[in-house]
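Comments concern the structure below.
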Amino acid sequence: MATMVRLLRQTDQIVEDSYERKNEAELQRQREYLSSVKIQANFRGSQVRSYFTHLNNCATVIQKSWRGYVGRQSFRVIVKNSVLIMKLNHFNAMATQVQKIWRGYYVRKYVYNYYSQKRYLEALIVKNAIVRSELEDYTEQQENLRRRQTEHEERKLNEFLARKNHHLISTEVIPGIYNSPFNPYPSEQEFLLRSVAPLKHEKTKKIGHSYDPTCKSYECPKPKQLPPIVVKPQGPFRDPTEVQKQRYKGFQPTLRVATSFTSLEEARQILKAEEWVTRLNDDIFQPFKRRDRKYEPLLHSTSKFGHLPFGTKYYREEFLDKHITPKQIPLLKPSTKPFKTLVPPIPMFDKLNDTYSQGQV
């Protein structure tokens with residue numbers, strides 16, 4: 001029993017020693033782990049850095065080689081273009097030199113030749129003299145033509161005046177004013193009066209109302225001044241022309257007579273044509289729930305060749321069986337008769353311009 005107690009007392013120290021050793025070992029293991037991690041990190045970092053350095057060197061070598069190749073190619077192109085430009089400049093300079101020499105020779109030979117210019121000026125002087133003489137002849141001809149035309153007009157005017165004043169000619173009994181007895185011979189105007197015939201005056205045509213054989217009394221001469229009339233009466237005191245227009249005015253049908261019997265159908269056709277032109281949609285309205293209708297493409301997506309599919313359908317429905325045609329009239333019942341609506345007459349319009357006198361025809 002004593003041994004047991006003694007051993008139990010020693011056990012606590014042993015447990016504490018073992019815990020202390022375990023803790024020290026754990027701390028030592030942690031230090032070794034961190035040291036190994038740091039050593040591995042430094043080693044692997046040095047390896048990666050050396051690998052990156054190797055890659056950079058390789059990329060530098062590749063880029064250097066490629067850039068050298070591209071630079072040599074571009075330099076060859078630049079050199080080739082420079083050589084071509086130098087050749088073109090040289091050829092242009094040579095062509096300019098040749099043209100300069102040829103143009104100088106041509107100008108000295110043909111353009112600014114002293115002897116040829118001298119011959120040209122001499123010929124030009126001769127040509128100018130010829131043209132000047134022709135222009136003088138033409139001017140003289142035109143002057144003679146104008147003078148002859150003026151003389152002709154003056155002669156016609158003198159003849160007209162002589163014919164107009166033919167009554168001033170002298171007779172065998174009484175000498176005229178141009179044949180004075182104190183002069184040894186008559187004047188030129190006297191001979192002109194003798195050579196022309198007197199001027200004949202046209203008789204004025206008397207205007208009458210020949211179209212109305214019953215109104216001969218209206219052709220009598222009118223007095224220059226009539227007594228004042230306050231109210232214009234009807235009858236013989238009115239103007240004959242006005243009376244004639246009123247007695248024989250044209251046919252004036254009433255609105256009922258002037259209206260066509262088929263005006264209603266014509267108006268319907270005109271309205272139908274205008275509606276067909278001005279409407280926006282020619283398709284028959286269909287509900288949106290129907291999915292079986294045919295797809296119609298848009299205007300901007302259809303082909304520009306061919307006829308567009310519009311103008312063949314109508315938006316409004318037409319029930320043609322409700323309209324009665326002329327062929328269906330014999331088939332109708334006696335009580336059912338087609339009728340047409342006309343505009344009723346307006347009596348006030350029928351009385352316009354119908355104020356006739358007592359002797360209306």
- Output for region 108-188: chymotrypsin sites (Phe, Trp or Tyr not before Pro) sitting in coil per DSSP, at most 16 other Cβ within 10 Å, listed by number, reads TYR112, PHE182
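Using the Kirkwood formula on the Cα atoms of region 1-138, what hydrodynamic radius do you get, in angstrom to one decimal?
Numbers: mean 1/r = 0.0355 Å⁻¹.
For region 1-138, the Kirkwood estimate is 28.2 Å.
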- Message: Through the Karplus equation 6.51 cos²θ - 1.76 cosθ + 1.60, θ set to phi - 60°, convert the phi angles of region 194-200 into ³J(HN,Hα) values in whole Hz; use x for Gly and Pro.
- Response: 6, 7, 10, 8, x, 6, 9
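Values quoted throughout were computed directly from the atomic coordinates according to the rules given, and no laboratory measurement underlies them. None of these values were measured; they are calculated from a predicted model. Virtual Cβ from ideal backbone geometry, glycine too; neighbours counted across all protein chains shown.
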